[in-house]
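The values are calculated or read from the model by the stated rules, or taken from the named source; none is laboratory data. Values in this document were obtained by computation on a predicted structure and should not be read as measured data. Positions of Cβ are backbone-derived with ideal geometry, glycine not excepted, and every protein chain shown enters the neighbour counts.
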Amino acid sequence: MIDMSVDIGGLRLKNPVLVSSGTFGFGREYSKFYDLNSLGGIAVKGITLKPRKGNKPPRIAETAAGILNSVGLENPGLYGFMEKELPFLKRYKVPIIANISGNTVEEYSIMAQELYNSVDAIELNVSCPNVREGGIAFGTKPELIYQVTNAVKKRIGIPLIVKLSPNVTDISEMALVAEGAGADCISLINTMIGMKIDIENKRPYFDNVVAGLSGPAVKPVALRMVWQAAEKVNIPIIGMGGISTWRDAIEFIMAGAAAISIGTANFYNPYAPIEVLDGIRNYMEYSGLNRIEEIKINRGVKNYE
Amino acid sequence: MEREICSIVSNDRVAKDIYKLVISSKSIIKEASAGQFLHIKPSLNYDPLLRRPISICKADLAKGHIVLLYRVCGKGTRLFGELREGDCLDIMGPLGKGFPILKDKKAAVIGGGIGIAPLLELCQNLNSPDIYMGFRDEVYFVDEFIKHSDAFFLYTEDGSRGSKGYPIEALARNISSYEVVYACGPKMMLSKVKELCETNSVECYLSMEERMGCGVGACLVCACESSEESYYKKVCVDGPVFNSREVKFDDRYER
């Protein structure tokens with residue numbers, strides 16, 4: 001009997017396939033394609049204390065096997081989310097991960113405290129490249145990751161996930177800081193900072209100049225970072241970054257991820273999470289594996305350094 | 001909304017960079033209405049990655065055919081241009097809010113360039129509207145429209161066919177005869193149609209376009225300026241057809 005359940009820092013998921021914040025709205029849109037209860041969990045669109053209008057269009061540019069986005073955390077705010085969006089998701093049995101973003105440590109704490117009775121886990125977004133304040137400013141400075149993680153952890157009685165930015169020199173340092181500050185789990189990677197230039201008009205294509213790169217193009221980088229983080233921390237890792245197929249998912253699990261998350265693939269293939277889930281199950285069946293933890297490789301063979 | 005693998009009946013060039021694609025559909029066609037769009041994967045691999053939103057030009061329920069009119073203008077549509085009879089496409093749809101069909105009102109329909117595409121199904125469903133159309137130089141598909149029109153006004157920028165200039169000029173002269181105006185075309189044209197209709201208190205529906213991601217309202221990239229200052233509208237689910245009073249145009253389109 002195959003058991004696909006996994007533990008992500010105290011939260012038991014019935015399978016390791018999550019969907020990433022910012023790529024799944026608040027679940028409504030994709031509930032038309034399949035039963036949301038099939039998923040291991042849902043990380044909802046990033047929310048901020050106050051509603052945000054988001055960045056001025058254009059907000060997307062396609063790149064080779066990827067996309068650049070500059071949405072800028074458009075969201076209905078903490079209370080808009082709790083009143084208008086959360087009741088819909090609560091109709092399902094799927095674990096809900098609230099992704100929060102603040103301008104100050106205090107804002108993160110207030111949001112976490114307001115939310116923790118209503119959701120299954122909190123994911124700290126300290127890595128959004130598309131807003132001027134907060135966001136990535138927290139995620140690239142170890143002392144700020146420590147402060148915000150520590151402050152939020154003290155206020156909540158549910159698992160705390162810290163979503164790390166790939167836009168750092170040493171991902172394992174950030175992972176260790178999050179772990180040391182009390183994170184129950186880390187998720188990585190958020191988008192990589194990129195840009196596009198409008199050569200006709202001779203200016204940056206996006207109003208915010210830079211934008212977040214995601215999709216299959218970033219997968220090798222994401223995989224490398226999951227591997228490196230897994231070398232250093234003992235807390236579980238949610239691996240993400242360009243996962244589109246079950247083969248990608250198996251690679252991330254082999255790199256050390258306890259669970260994986262589907263992001264950009266939702267945009268071009270709404271059934272991607274279900275296809276990945278079925279693929280992992282078939283792989284386990286074919287390989288004679290009964291638990292996700294049995295999907296492993298020999299970590300002793302390291303040529304990457 | 002369905003996801004369907006549709007086979008191609010035909011894909012013919014009708015003008016420079018303009019193609020008419022006919023696909024065979026069993027499920028999508030049943031729900032399709034004027035102004036809605038299909039979200040089509042141009043390639044089975046990762047480049048290009050995203051689907052392309054293409055508006056429904058005509059839905060022939062009896063034959064089970066959907067006609068799409070598109071302009072080749074990038075990587076994705078270039079691949080569409082290479083499709084042959086019998087090839088298959090991964091299609092999601094129909095998506096978005098289409099045109100309200102106000103049969104009892106005297107209607108004008110105005111289209112510019114490839115923006116004429118979603119207007120054909122609309123014109124078929126209205127009671128012989130007056131149709132205004134503008135093209136840069138080469139004119140296409142107008143015979144299809146003339147069949148469904150009461151009066152037909154044709155403009156080209158270079159004056160090679162019809163009158164020289166833009167169809168908005170004729171619409172402006174006749175605006176007092178209409179109770180509703182439907183439009184699709186370049187943003188500059190839409191912005192002028194909106195202004196004209198609102199000045200004359202004529203109900204007006206605009207089909208908008210914006211770079212799109214998921215097509216179902218989850219990714220928030222197809223934001224368009226809303227008349228409500230505090231938030232953007234999503235072209236994919238709040239539109240693509242909007243009442244003109246719901247949307248606002250950026251100054252950069254006023255040029």
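So here's what we get for this one:
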read-out: Unique match (being at pLDDT 95 or above, farther than 21 Å from residue B:96 by Cα and either within 14 Å of chain A (Cβ to nearest Cβ) or assigned to a loop (DSSP other than H, G, I, E, B) (or both)) among B:201, B:230; value: B:201
read-out: Among the residues listed as B:142, B:181, B:202, B:221, the single one being closer than 30 Å to residue A:55 by Cβ and among the hydrophobic types (A, V, I, L, M, F, W, C); value: B:221
read-out: All positions within the range A:61-81 that are among the aliphatic types (A, V, I, L, M), touching a Leu at 6+ places or on another chain (Cβ under 7 Å) and at the interface with chain B (Cβ under 7 Å from one of its Cβ atoms); value: A:65, A:67, A:71
read-out: Test: residue A:201 is outside any strand (DSSP E or B), more than 14 Å from every other protein chain (Cβ to nearest Cβ) and without any contact (Cβ under 8 Å) to a residue 12 or more places away in the chain; value: no
read-out: Subset of the range B:159-181 [surrounded by 13 or more Cβ atoms within 10 Å (Cβ to Cβ) and out of contact with any Leu (no Cβ under 9 Å at 6 or more places or on another chain)]; value: B:165, B:166, B:169, B:170, B:174
read-out: Condition broken by residue A:153, with the remaining ones in (1) assigned to a helix (DSSP H, G or I); (2) in contact with a Gly (Cβ under 7 Å, 6 or more places away or on another chain); (3) closer than 21 Å to residue A:25 by Cβ satisfied; value: (3)
read-out: Single residue of the range B:109-158 satisfying the filter (more than 16 Å from the chain's Cα centre (by Cα) and acidic (Asp, Glu)) that is surrounded by the most Cβ atoms within 10 Å (Cβ to Cβ); value: B:130
read-out: Check on residue B:84, touching a residue at least 60 places away in the same chain (Cβ under 8 Å) and out of contact with any Asp or Glu (no Cβ under 9 Å at 6 or more places or on another chain); value: yes
read-out: Residue satisfying condition, being in contact (Cβ under 8 Å) with a residue 24 or more places away in the chain and either within 20 Å of residue B:19 (Cα to Cα) or of a type in the set (Lys, Arg) (or both), within set B:126, B:119; value: B:119
read-out: Hey, residue A:109 within 29 Å of residue A:14 (Cα to Cα), touching a residue at least 24 places away in the same chain (Cβ under 8 Å) and either within 8 Å of chain B (Cβ to nearest Cβ) or touching a Lys or Arg at 6+ places or on another chain (Cβ under 9 Å) (or both) or not; value: yes
read-out: Extreme residue, nearest to residue A:277 (Cα to Cα), among residues of the range A:1-35 that are of a type in the set (A, V, I, L, M, F, W, C) and in a strand (DSSP E or B); value: A:17
read-out: Long-range neighbours under 6 Å by Cβ, at least six apart or interchain, first residue crowded, with 20+ Cβ neighbours inside 10 Å within the range A:46-64, second aromatic (Phe, Trp, Tyr); value: A:47/A:81; A:61/A:205
read-out: Some residue of the range A:137-157 being of a type in the set (Phe, Trp, Tyr) and without any contact (Cβ under 8 Å) to a residue 40 or more places away in the chain; value: yes
read-out: Flag if residue A:201 is more than 18 Å from the chain's Cα centre (by Cα) and farther than 27 Å from residue A:58 by Cβ; value: no
read-out: Residue within the range B:220-227 that is crowded, with 17+ Cβ neighbours inside 10 Å, within 14 Å of another protein chain (Cβ to nearest Cβ), farther than 18 Å from residue B:54 by Cα and modelled with pLDDT of 95 or more present; value: yes
read-out: Matching residues, the range A:241-273, being over 27 Å from residue A:184 (Cβ atoms) and either touching a Gly at 6+ places or on another chain (Cβ under 6 Å) or surrounded by fewer than 18 Cβ atoms within 10 Å (Cβ to Cβ) (or both); value: A:245, A:247, A:267, A:271
read-out: Odd one out for residue A:82 among (1) touching a helix residue (DSSP H, G or I) at 6+ places or on another chain (Cβ under 9 Å); (2) crowded, with 22+ Cβ neighbours inside 10 Å; (3) without any contact (Cβ under 8 Å) to a residue 60 or more places away in the chain; value: (2)
read-out: Those strands (runs of 3 or more DSSP E) lying entirely in the range A:208-285 with at least 2 residues within 14 Å of another protein chain (Cβ to nearest Cβ), within 28 Å of residue B:211 (Cα to Cα) and among the small types (Gly, Ala, Ser); value: A:210-214
read-out: Complete set of residues in the range B:14-50 that are surrounded by fewer than 16 Cβ atoms within 10 Å (Cβ to Cβ) and without any contact (Cβ under 8 Å) to a residue 12 or more places away in the chain; value: B:45
read-out: Tally, over the range A:59-78, of residues that are more than 14 Å from residue B:234 (Cβ to Cβ) and assigned to a loop (DSSP other than H, G, I, E, B); value: 5
read-out: Verdict on residue A:38 being more than 27 Å from residue A:183 (Cα to Cα) and more than 10 Å from chain B (Cβ to nearest Cβ); value: no
read-out: Meets criteria (surrounded by fewer than 18 Cβ atoms within 10 Å (Cβ to Cβ), over 30 Å from residue A:245 (Cα atoms) and either out of contact with any strand residue (DSSP E or B) (no Cβ under 6 Å at 6 or more places or on another chain) or not polar (S, T, N, Q) (or both)) for residue A:90; value: no
read-out: Close pairs from the range B:189-216: first at positive phi, partner crowded, with 23+ Cβ neighbours inside 10 Å and assigned to a loop (DSSP other than H, G, I, E, B), Cβ under 7 Å, at least 6 apart; value: B:215/B:51; B:215/B:236
read-out: Strands (runs of 3 or more DSSP E) lying entirely in the range B:1-117 (those with 2 or more residues that are touching a strand residue (DSSP E or B) at 6+ places or on another chain (Cβ under 8 Å) and within 14 Å of another protein chain (Cβ to nearest Cβ)); value: B:2-15, B:37-41, B:52-60, B:88-95
read-out: Test: residue in the range A:17-29 that is more than 17 Å from residue A:101 (Cα to Cα), surrounded by fewer than 17 Cβ atoms within 10 Å (Cβ to Cβ) and more than 11 Å from chain B (Cβ to nearest Cβ); value: no
